[in-house]
Every structure is written in C-alpha cells, then in structure tokens.
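Peer 1: Before I ask anything, here is the structure I am working with.
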Amino acid sequence: MRNPIIAAAMVWSLSAAAQYNIEYVGRLDYQDLRNSNLSNLWGYTDEVGNEYAIVGVNGNPDVPNSGGVSVVALGDGTNPQEVFFYPGPPSIWREVKVWGDHAYVTTEANSGGITIVDLGPLPQSTALNATVWDAPDWSRSHSLFIDENGRLYIHGANRGNGGVIMYDLSNPMNPVEVGEYDQWYCHDSFARGDTLYAAHIYAGFFSIVDVSDPANPVLLGVQTTPDDFTHNVWLDDSGQYIFTTDERTNAYVGAYDIGDPTDIVFKDKLRSDNGSGAVPHNTYWLHGHLVTSYYTFGVTIYDAERPHNLVEVGHYDTSPFTGEGFRGAWGVYPFFPSERLIISDIETGLWVLEPTYRRACWLEGTVRNAANELPVGQATVSIVSTPGTSTTGIDGKYATGHHQAGTYTVTASAPGYLSATITGVSLVEGEVTLLDIHLQPLVSFVLTGTVVDAGTLQPLPDAQVRIKSETYLYETTSNASGVFTLPAVFTDEYEVLGGKWGWRTSCPAPQIIGPATAPLVIALEKGYYDDFEFDFGWTVNSTASAGIWERGVPIGTTFNSQWSNPNVDVGGDCGAQCYVTGNGGGGAGNDDVDDGHTTLTSPAFDATSVFDPQIRFNRWFYNAGGSGAPNDRMEVRLTDGTQTVLLETVTQSSSSWFYRTFRILDHMTPGTAMKLFVFITDDNPGHLVEGGFDIFQLVDLSPVGMGEVTQLEMNLWPNPSADRFEVTLPGAQEATLEVFDALGRAALDPIALRGGRATVPHMLSSGTYLVRVTTAAGAQATQRLQVVR
C-alpha cells in the first residue's frame, strides 16, 4: 500500500519545489511501482543514444523479491518506464556503476555479492541477462567504482579493514582480483590512470594512492576534509583538483589542489541551505561544475571553474523533508549526452531534471586595516540578501559570489573593527568583480573585575571568567585576590559568566560593556554545581575505540530517521554544553561507543558541607540496532575513596533527558572527598550505544521549610531587601544566622549575631529566602526574606 505521508508530500513537492537553473521533466514513483524506497543509481546510454537509469531499489523485508535493480527507459524524460527488474535481498544500501554494457551493483545485505546486469541487448530486447557474482572471501560491500580501463574497485567489504579490493573486468561477468589497498576502511573512491583517490569516512580524510601495481599500492598523500567524515571524492578533468563531501549535518563540499600529493592545498568549501542541517552525500565534477545530491535538499550545481571560490548556481529540491536526517536525494547522475540529471530520492522516487549550466558572478578582493593597510583576518564579507559569504584568512583575501547578475550591497565586518557597507556593487555572469574593502579599527579598553563568594563577599581565586557576545569572546581566570583583567575589550553587549568548582556558575542577563563600565563583580553562590560551560576538571577514561565521553554542544545523531542523540543539552542552565559519548553527528553509528567502555569521573566534592546531601543530575541513554536484543548499559556510581556504591543501572533506551535525584544517606555515609562515575559500555555483540550527562548538583535536603518558627522573637528589616538587611534578637542573645534559598540550599555562609544583632550585606538574586537564627541552646526563629534588586 502506498505511504499516505509520501503521497501527500508529493502534492507539495511537484507544485512548490524550490528551484533555479534546473527544471522538472518527469518522475517515476517507486512507492506506486514497488512500494519501496530507493538508494543510489547510475546511468547508461545504449548504442543508438537512448538513455536509461539503473536504480537500486531497497525492497521490503516482508515482501519477497521486492528489492533489487531496476532498469528504467527514460525516453524524452517525461514518462520514465521500468523495462527490467532483477530481484535481490532487501537492503537500504545499493550502489551502482556501469562499465561498457554492464551494470554492477553492490549491497550491504548479507550474501549480496555483486549483481551484474548485461545491458547489451538494449534497446532491441529487454530480456537482459543478470547474475549475482559471489566473491570467495567476502559476502557484502558498501560501494564501488570502475575506472576508464575497466578496473573495479570494491569498498567497505566484510574482509580485513573494509578497504579497497581491485578487480579486472576483462571478463565482465567474472571479475578477477588483482590487488587490495586495506590500510583503512574505505567508503567510496575515484580512480584514473594509475592513481586511486579513496574516501576514508570514519578516519575523516582521503588518501591518494599509486596503484600502477595493484598488488603493491603505494600511499602518496592524505588530506583531512572540513567536517572529518569524508564520504565521497571526485577528480576534475585536469587531475589538478579534487572535490569531496562530508556526510554530516551542515557539512561542506570541499575543494583541494592535489598537484603535489605530498603537499595538498585546501582551496575552498561551500554548503547549501546554510544552517538548516542538510547533509551533502555525493558530488560529481562535470565541465567546471559540481553536481551534488543533498539529503532533504535535492540537487545543487556549484560553479567550480575557480576552485578557490565555489558558488552555487543551480538547485532543485526533490524532497518534502527539510533539515537534518537521511531522507530525500541519495544520488544524482549528471553524465548523459543530453546533460539531463537523474536523481534517486529515497522516498519520492526517480526524478528526471533539465539543468542549465550557468557561470557564477564572482566577487573577490582583500580586506585591509584602514589605518595601516595591513590585511584583516577573520573578516566576514557578505553579499546582502544572498547566501554569498566569505571569511578572510591571515592574508585578508576573500572570495564569494552569486548565481544571478545585478547590482548588490556588500557588507564587511571583523572583530575589533567598525563594519563597512558598500552599495552599488555590480556582479556580472562569468566575470570576477574585484573589490578591496577598508575597515576602520575600533579602540579597545581594559576591563577589570573581581570574583567573590556571594555569602561572605570574600574574593575567590582561580575562578573562571568568560565574557562573550555575538562577535567577541574573552576568557580568563581570577588571580589570588579574585581579580581578573582583560586588556583589550571592545564595546558590545556581553554575557558575563563566572564559575568555580564548589560554587554555582553565574550567568546573569547580558549587559552593555564599554570604556565607562565600572569594574565587574561576579558573585558566586556556594554549592557544588556544573552545567559544563566551564571545565572544572571532570576526567575521562576509556577502553572503547570510539564514542569516548567529551564535553561540548551536542550534535544530534539519528537512527532509522529517529533521534538517538537528542541534539540539545538540558535547558535552563548557563549555556548549551554537556557531556556526550562521541560528538561526531550524522548517524548513530558514526561516533557511538564501540568495543569497550568509557567512564566520566567528577572532581572530588565534600558531601559533609550540607546537612542532608542529595545528588541531582540529568542523563540520557540510547541503545539500539546491532544483532539481537540490545545488551548495553549505563551505570552511575558514587565513591568516598574507599567504598563505591551503584546508584543506578540504565538499560532502557531513550533519546530524551531524564532528571535523577539520589539521597546520599540512603546509600552510604557522606564523605569529604566523594566522586561520581558515569560509565557506559558496549558489550558483545555490538549495538548502537550513546549517552549524555548534564547539570550535576549537590543540594541539601535538610528540613528547612518556609513555615514560621516562633520559639524566638526576631526582628528582620528592611524586608523586602535590596543589598543588606539587619537582624536583632531581644535580650542581646548570642546566636547563629543562616540564609537558605527556596530549595533549602545555603545561600550565605553562617553569620554570628554578637549582642543579638547583625547587619548582613548581600548580593542575593531576586527571590524568596528563609532567614533562620539558632541560639546555643537550640532555640530558633525563622522568617521569610524577600529580595528585590
């Protein structure tokens, strides 16, 4: 039965797909044809010029023979028709290439082998000969490439490291192995002449290899790619430049000069649908352009004539989905004589599109300091109302552009400089507009401040301080007197954060800071707390090969189009950071815990500092995929240095944050040097394993309530209080004064009442507090205090 969600989405996609310089021609709906999603595809042109799509069909595990290889006659493109189908095992991976009159198809299905289809009878006959060729020592593989000499390169097979296995196709139906390159796992490759260019997705780089003797490959060079997840590579006709994709959220297409394989030079990177989360998949070079399939964003065309300045000049969206995730356009084939494009969209089927290859309108130049003509690095140059943006390097040079000629406004900005706006900039198709920009430097000032304990106002040494705006970021540490100095600050609106282990991180509302700003005072409330905006010294130990605990802003991961890593930290704290097991993004298996365990350990904390200590934290744990029922776990343990207790074992998988509380006295006697351990393990057989941890707190559960205690008479004024209050007891009684917040936490250090009187200065935040006085005989008086600032 046809998927009703996809059916409804088609109304949107066919009528409102975003497009320019690419037009719709036709489509074949595989939800109607085979009730199936698609994977990759390739093209074939027969002896009389008819064009065909060779399409990988995923199939349905519940429907026999529903997956396989589909051959589609394109005709004039408006009404594609399937003319041949060869069934195979269901799989969400099929990769296709054509050599001569034969199509070769790999799959990651068990015992998938290589499907070989003889296309030679076309167009006279559609009774095509097809077979599955089984290698003697591997049964499945991820992808393949075939060079101009008929050498087949198999990638990601279940043999060795999953590198590259090379075959001779002199007998097209019976490949003969001639060598292998198995130093690293290989996801995809390109080869020409005697050279192999291999994409090592998990290692995050591509390699260049001399395979003139395939039995003895020689490594010539390696190069990392912008997002460290190198999915595919493709060479230009000159052999001077190579282009890559990283299969990650918001990742880039990259360009490199490989004229010297021992000294590869990065030239440029570009991504489409900036910030939406769209993932680039496969890119191909054609006549100075890059044609790229994007999950959820369709197909794009970049002008790569100037590899240091990639510019998007064409786009057509085939998918009803947007943003992150592995849905939408899997593959594109741009090499037909007609120059038409075919796209395999996972959910919406086979698309035929008509591109118009246009040259970009380039804008290039240098940004300089107007006072001394020196180049300005880290300047951002933007063509207003377009995606065209570039950031300068240390040489001050920028390069950007747009797909449409016209007159535009250009802006430039850089930290420490006044922004500049240039109007009336003319951009012409196929031409480079040169525009040098001069920025006036700003005058900096010295900013000082002090970090103090909010209760005692005593200075706090070695406290961390961060002052950040949308443009600037300054970080420092307070000295032995609690004082910090930032020598060169520029006027802006800043968030001011302060933190120290044993105190609660402070993050008040942003404020304008300029030369007239008085020295800052950052007051930290006493108490163990960590939302991981600062590094307070948590340590990590691991035996795992991947997925090790790391601190950062979480990058979401998905499995079967559902979130595994939820992509956010816990809200309501001072920032967006937390601890996660691996933070590579993409699929759940890209950077999850593998082949071992990883343990996150807190710094030591004194649980005797409060009367009835409770530990609070937030965590999530995800466990899925693999063979058999998931069998992995998260454990949270507490130690006093001698005894260790298990607080909880988590086996239930969820990609949502859970708030957890544990009263220490229910498990052990509070100690002065306690630590918390958060342990995650990937036990055999392996599954997808990820976890997160955020907002650690130690709080007091002592029975400090908001009810009044009238054993003593106490005067407290003024109430409400702004920055100080006074407490008096009749008869000049000696007593101890304490202040608690609404959660029962000590808000100030205890204060002695001498002669029954005390004046208490404070920097308490607005809210309701409890003031309690206790005499030596144990008599008490308690009142509410309202603080209004």
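Peer 1: Which order do you get for Phe297, Phe696 if you rank them by accessible area with a 1.4 Å probe, largest at the top?
Peer 2: These residues rank, largest area first, as Phe297, Phe696.
Peer 1: Further question: Using label points projected 7 Å from each Cα along Cα→Cβ, tell me how many nm separate Thr411 and Thr448, to one decimal.
Peer 2: Output for this residue pair reads 3.7 nm.
Peer 1: So between Ala371 and Thr433, what do we pick up on full extension, going 0.36 nm a residue minus the alpha carbon distance?
Peer 2: Difference between extended and current length: 19.9 nm.
Peer 1: Moving on to the next point. Using the crude model of +1 on Lys and Arg Cβ and -1 on Asp and Glu Cβ, and no other charge, please compute the dipole size for region 342-429 relative to its Cα centre, in debye to 20.
Peer 2: Rounded to the nearest 20 debye, it is 300 debye.
Peer 1: Tell me, which cysteines of the chain are without a disulfide-compatible partner by the Cβ under 4.7 Å rule?
Peer 2: Singleton cysteines: Cys186, Cys361, Cys578.
Peer 1: With all protein chains present and a 1.4 Å probe, how do Leu418, Leu28, Leu434 order by accessible area, largest first?
Peer 2: Putting Leu418, Leu28, Leu434 in descending order of accessible area: Leu434, Leu418, Leu28.
Peer 1: Given H placed 1.01 Å from N in the peptide plane, which residues other than close sequence neighbours of Glu431 have an amide H under 5 Å from its amide H?
Peer 2: Close amide H contacts, sequence-distant or interchain: Trp362.
Peer 1: Amide H of Asn282: which non-local residues (sequence gap of 5 or more, or other chain) have their own amide H closer than 5 Å, using H built in the peptide plane?
Peer 2: Ser293
Peer 1: Considering the Cα positions of region 736-789, please state its Rg to one decimal place and its Dmax as a whole number of Å.
Peer 2: So, for region 736-789, Rg and Dmax equal 11.2, 35 Å respectively.
Peer 1: Calculate one ³J(HN,Hα) per residue across region 437-451 by plugging θ = phi - 60° into the Karplus curve 6.51 cos²θ - 1.76 cosθ + 1.60, and present them in order as whole Hz with x for glycine and proline.
Peer 2: 10, 10, 10, 7, x, 7, 9, 8, 9, 8, 10, 10, x, 9, 9
Peer 1: Could I ask something else about it? Give me the distance in nm between label points sitting 7 Å out from Cα along the Cα-to-Cβ direction at Trp133 and Ser481, one decimal.
Peer 2: 8.0 nm
Peer 1: With θ set to phi - 60° and the Karplus curve 6.51 cos²θ - 1.76 cosθ + 1.60, what are the ³J(HN,Hα) couplings of region 313-321 in order, to the nearest whole Hz, using x for Gly and Pro?
Peer 2: 10, x, 7, 9, 9, 9, 10, x, 8
Peer 1: Let me cross-check Lys675: its accessible surface, 1.4 Å probe, with only protein heavy atoms counted, in Å² to the nearest 10?
Peer 2: 80 Å²
Peer 1: Here's something else I'd like to know. Of Lys468/Lys675; Lys468/Lys526; Lys97/Lys267, which sit over 27 Å apart, Cα to Cα?
Peer 2: Lys468/Lys675; Lys97/Lys267
Peer 1: Within region 376-393, find all residues whose amide N lies under 16 Å from a label point positioned 7 Å from the Cα of Thr471 along Cα-to-beta-carbon.
Peer 2: It comes to 376-382, 392, nothing else.
Peer 1: Give me the accessible area per residue for the chain, probe 1.4 Å, as a whole number in Å².
Peer 2: Heavy-atom accessible area per residue stands at 40 Å².
Peer 1: Please calculate the 1.4 Å probe accessible area of Leu353, with all protein chains present, and give it to the nearest 10 Å².
Peer 2: Ignoring ligands and nucleic acids, Leu353 comes out at about 0 Å².
Peer 1: Would region 219-322 count as rounded, prolate or oblate if I go by the C-alpha gyration tensor, calling it rounded below 1.5 in a/c and otherwise prolate when a/b exceeds b/c, oblate otherwise?
Peer 2: It comes out prolate by the Cα gyration axes.
Peer 1: Can I ask one more? Kirkwood Rh, region 129-185, all Cα pairs: how many Å?
Peer 2: 11.6 Å
Peer 1: So the label point goes 7 Å from the Cα of Asp462 along Cα→C-beta, right? Which residues of region 479-505 then have their backbone N under 20 Å from it?
Peer 2: 479-485, 498-505
Peer 1: Next up: Could you pull out which residues in region 360-400 have an amide N less than 18 Å from a spot 7 Å beyond the Cα of Gln240, following the Cα-Cβ vector?
Peer 2: Those under the cut-off are 360.
Peer 1: On the protein heavy atoms, probe 1.4 angstrom, tell me the percent of accessible surface of region 548-694 carried by carbon and sulfur.
Peer 2: 47 percent
Peer 1: I need the calculated FRET efficiency for the pair Ala516 and Phe266, taking r as the beta carbon distance and R₀ as 51 Å, to the nearest 0.05.
Peer 2: For R0 = 51 Å, the calculated efficiency reads 0.70.
Peer 1: Probe radius 1.4 Å, ligands and nucleic acids ignored: give me the carbon and sulfur share of the accessible area of region 66-142 as a rounded percent.
Peer 2: Taking all protein chains in place, region 66-142 shows 50 percent carbon and sulfur surface.
The values are calculated or read from the model by the stated rules, or taken from the named source; none is laboratory data. This structure is a prediction, so every number in the text was calculated from the model and none was measured. Methodologically, a virtual Cβ is constructed for each residue, glycine included, from the backbone with ideal geometry; neighbour enumeration extends over all protein chains shown. Just so you know, the surface numbers come from the protein's heavy atoms only, side chains and all, with ligands and any DNA or RNA stripped out. Shrake-Rupley method; radii C 1.70, N 1.55, O 1.52, S 1.80 Å.
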